[in-house]
Every structure is written in structure tokens, then in C-alpha cells.
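The values are calculated or read from the model by the stated rules, or taken from the named source; none is laboratory data. What you see is a predicted model, and the numbers here were worked out from it, not measured in a lab. Ideal geometry is used to build each Cβ from the backbone, glycine not excepted, and the neighbour counts take in all protein chains shown.
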Amino acid sequence: MNQIYITETFKLPKWRQICAIITLLLCGGACLITIWQSLENPKVLIATAILLLVIVSIYVYIRTRLELSDQEIMYFDGMKPVYVKWSNVVAIDMKMKGKYSELEVFVYYDNRRFTLDATHFGKKQLKRILELLEMKVDQSLFSPSYQQLRAERLPRSVASK
């Protein structure tokens with residue numbers, strides 16, 4: 001098991017953050033306009049509640065990030081952070097999901113799991129995340145489906161072999 005010398009942080013790509021912030025501002029403005037119009041109308045109250053729900057979910061989506069250090073994995077999914085020591089990782093699995101067969105990686109620890117996917121982090125960042133996981137976790141913890149999908153869909157670079 002190799003050492004990670006600096007903590008690496010993985011977040012949404014910048015263009016997704018900008019789009020989400022613009023959506024947040026538009027929903028917030030629409031919410032203020034609906035509140036300002038009339039609170040007696042039940043349709044306005046329902047529309048305001050839906051817009052507030054959209055605002056909260058976008059806020060959570062923007063805050064999601066993953067930090068990999070030499071001591072632990074820190075996964076912030078918007079509301080509550082998850083701290084996992086490397087020694088607590090029990091298994092790592094990979095599956096394809098959805099219409100476009102996007103990769104989804106499951107990290108199992110202490111009877112729980114968290115999910116990393118290419119649709120969120122992007123293929124380039126996911127590849128780097130997997131390289132760091134393979135550096136720190138024993139190879140026997142990777143499932144056969146992980147090994148197969150990793151070889152097919154995200155081949156290792158020549159420098160990391």
C-alpha cells in the first residue's frame with residue numbers, strides 16, 4: 001500500500017457548479033416573486049414549497065465532494081460528512097447503471113456504503129479516484145466485477161502500471 005502525500009479533493013466540474021448556481025438564483029428569485037404576489041392563494045403556496053425543495057436539493061448537490069488523504073476517506077454528501085479510515089474499507093464494487101451505462105463505484109465500510117459515479121465526478125476525476133483507491137486498499141477487496149469493468153471501461157494509464 002502506497003502513501004498519498006497530499007490530500008486530493010474531488011468536486012463537481014466548474015461548469016456544473018456555475019449552472020447549478022444560476023438555477024439556484026433563478027429558483028430563489030421565482031420563490032421571492034411568488035411570496036411577494038400573494039400568500040393567500042394555495043397554488044402559490046404549493047409552488048413556493050416546490051421551489052424551496054428544488055433550492056435545497058441543488059444546494060446539497062453543489063456541496064458534494066470527496067477528499068482522499070493518507071489517513072482516511074472524507075465524503076461530504078451535502079448534509080453530513082462521512083469519515084472512513086482506510087483500514088475500515090471492507091470491499092469495493094463497480095457496476096454499470098442507466099441508459100448510457102455509466103460507471104458506479106460502491107465503497108463498503110462498517111456495514112455501510114457510499115457511492116461514487118462518473119455522472120457526478122466525471123470520467124477523468126473518477127479514474128484518478130480509482131487510482132488512489134487502488135494505491136491504498138488491498139487488491140483482494142476489489143470485486144471481480146470491479147476488476148472486469150475497470151479493465152474494459154477505464155483502463156489504467158501506462159504511468160500507473
Might you check whether a residue that is surrounded by fewer than 13 Cβ atoms within 10 Å (Cβ to Cβ) and either charged (D, E, K, R) or under 18 Å from L132 (Cα atoms) (or both) occurs anywhere in the stretch 49-66? no
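Okay, residues lined up against (1) free of Cβ contacts under 8 Å to residues at least 40 places away in the same chain; (2) among the hydroxyl-bearing types (S, T, Y):
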{"residue": "Q37", "(1), (2)": "yes, no"}
{"residue": "P42", "(1), (2)": "yes, no"}
{"residue": "T48", "(1), (2)": "yes, yes"}
{"residue": "L51", "(1), (2)": "yes, no"}
{"residue": "Y59", "(1), (2)": "yes, yes"}
{"residue": "D70", "(1), (2)": "no, no"}
{"residue": "D93", "(1), (2)": "no, no"}
{"residue": "L130", "(1), (2)": "yes, no"}
Candidates Q17, Q3 - the one that is touching a Lys or Arg at 6+ places or on another chain (Cβ under 9 Å), assigned to a helix (DSSP H, G or I) and not hydroxyl-bearing (S, T, Y): Q17
Within the stretch 71-148, which strands (runs of 3 or more DSSP E) (wholly inside it) include 2 or more residues that are touching a Phe, Trp or Tyr at 6+ places or on another chain (Cβ under 6 Å)? 72-76, 81-85, 89-97, 112-117
Exactly one of I55, I18, I62, I35 is more than 27 Å from F76 (Cβ to Cβ) and among the aliphatic types (A, V, I, L, M), and that one is I35
Taking the stretch 1-25, which residues are exposed (fewer than 13 other Cβ atoms within 10 Å of the Cβ) and either more than 24 Å from E67 (Cβ to Cβ) or of a type in the set (G, A, S) (or both)? I22, L25
Hey, among the residues in the stretch 77-94 that are of a type outside the set (A, V, I, L, M) and buried (at least 17 other Cβ atoms within 10 Å of the Cβ), which one's modelled with the lowest pLDDT? W86
